[in-house]
Structure formats: C-alpha cells, structure tokens
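Participant: Below is a structure I'd like to ask you about.
The values are calculated or read from the model by the stated rules, or taken from the named source; none is laboratory data. Note that this is a predicted model, so its numbers are computed, not measured. Neighbour counts run over all protein chains shown; Cβ positions are idealised from the backbone, glycine included. For accessibility, only protein heavy atoms count, side chains too; no ligands or nucleic acids. Shrake-Rupley method; radii C 1.70, N 1.55, O 1.52, S 1.80 Å.
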Amino acid sequence: MSRSSSGIVAGLTAAALAAVGFLAFQASASAPDHPEKADKSPSASASRTPKDKKNPAAVPAQSGTGERVVYSLEDDRVWLVEASGKAKQTFKVTPGTVDPAPGTYAVTSRTGRVTGTDGVPIENVVVFTLTDGVAVGFSAAVDGSTPKPDPSKKTGGIRQSREQAKAMWEFALRDKKVVVVP
C-alpha cells in the first residue's frame, strides 16, 4: 500500500471511531426506562471509603494508587490524582441521574463538543463506562451551567464547570484509570 493510501485509511479509521463514539453517546439518550443490570466488568468494592475528617477534600484512602481520576458518589467530588498519590486538583460536581457502580474503570472515549443526553450542548466529554445502557462521563455545559438533572430522564453526564472540564480533558486521556468510590 502506498504512503498516501495509508494516510487515507488512517484518516478514515479515525473518523469512523469518532463517529461511533458520538453515536454511542447519543444512543444513551434513548435508553429504555426499564431497569437493567449495571455493567459488572469493573472491579467493584462495596466497602465505604473512610473519610479524612480533618480534610474532607483529601483523596479517598481506598481509591487505589498511581495516576487516576477518583469520583466519590456520596460526596459528588472528583480528584485528579498524580502518580505520587497527591491531588493535582479536586472539585465538586453535579451528577446525572444514572450512577456507575463503585469500581475501577478506564476512559473509553473523549469528545470535544456534542449534545448531551439531556439536550444541552456540552464540551470536553470524558466517558468511562456504560450503566443501564447510558454513557457515564464527565462534561461541562457550553453555557457553563450545572443545574440538577431532570429526574425523569436517564442521564449519565457528571457536570463540571467549564474550567474544571478543561482540567479533566487535559488530565484524563484515553485509557486513564477512573476509580469510583461510594
């Protein structure tokens, strides 16, 4: 195959992968309303993560090691954790209506801009799992809003400010470890 043909094939492959990721994200908006089993592929841990009472913004003790994103379901908080185990940044988030099970995941797709499952234009989308057929990931509304989600809709978007979403986008590259704690 000639060099130019290889470039064309690589370009078409990249475009196809981007389109599939976009369509999967959009398909989650039309997920059925009946309950299904959550994706059980991640290693789940039902134990409560002990909190540092003196420093509630400290990285949860049982969230693993190494460079990772940690998301606390109970605290609606995210930590961007460096390889040393120190938090590079931490911030509160607004979860969607569908929560992932506690466990260890990896970033599966990233999209610059798209319309979220709630119909809101979003950016810096970092998806790490599907739960009940709904894509779950971090994002920011283009208008900067972080309203509570409509409980009648199945949404997996974990909303952040635009500044926080930019930090997440720069930190959470594809295959980056994401640890969800209770």
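Participant: If you go through segment 162-171 one residue at a time, do you hit one that is within 23 Å of THR65 (Cβ to Cβ) and of a type in the set (D, E, K, R)?
Facilitator: So in segment 162-171, the residues within 23 Å of THR65 (Cβ to Cβ) come out as 167-168, 170-171.
Then drop every residue that is not of a type in the set (D, E, K, R), which leaves 170.
Yes, some residue in segment 162-171 is within 23 Å of THR65 (Cβ to Cβ) and of a type in the set (D, E, K, R).
Participant: All but one of (1) touching a strand residue (DSSP E or B) at 6+ places or on another chain (Cβ under 6 Å); (2) surrounded by fewer than 22 Cβ atoms within 10 Å (Cβ to Cβ) hold for GLN62, so report the exception by its number.
Facilitator: (1)
Participant: I would also like to ask the following. Restricting attention to segment 103-131, which residues are under 15 Å from ARG68 (Cα atoms) and open to solvent by 30 Å² or more (accessible area, probe 1.4 Å)?
Facilitator: Within segment 103-131, THR104, ALA106, THR108 meet the criteria.
Participant: Taking interchain pairs and intrachain pairs at least six residues apart, which have beta carbon atoms under 9 angstrom, with the first residue in segment 155-182 and over 15 Å from ALA140 (Cα atoms) and the second basic (Lys, Arg) and open to solvent by less than 20 Å² (accessible area, probe 1.4 Å)?
Facilitator: Filtered contacts from segment 155-182: LYS176/ARG68; LYS177/ARG68; VAL178/ARG68; VAL179/ARG68.
Participant: Also: Taking segment 132-173, which residues are outside any loop (DSSP other than H, G, I, E, B), among the β-branched types (Val, Ile, Thr) and open to solvent by 10 Å² or more (accessible area, probe 1.4 Å)?
Facilitator: Keep residues of segment 132-173 that are outside any loop (DSSP other than H, G, I, E, B), which gives 134-141, 157-159, 162-171.
Subset that is among the β-branched types (Val, Ile, Thr): 134, 136, 158.
Scanning segment 132-173 gives no hits.
Participant: What is the number of the single condition among (1) within 21 Å of ALA57 (Cα to Cα); (2) open to solvent by less than 40 Å² (accessible area, probe 1.4 Å) that LYS92 does not meet?
Facilitator: Here LYS92 clears every test but (2).
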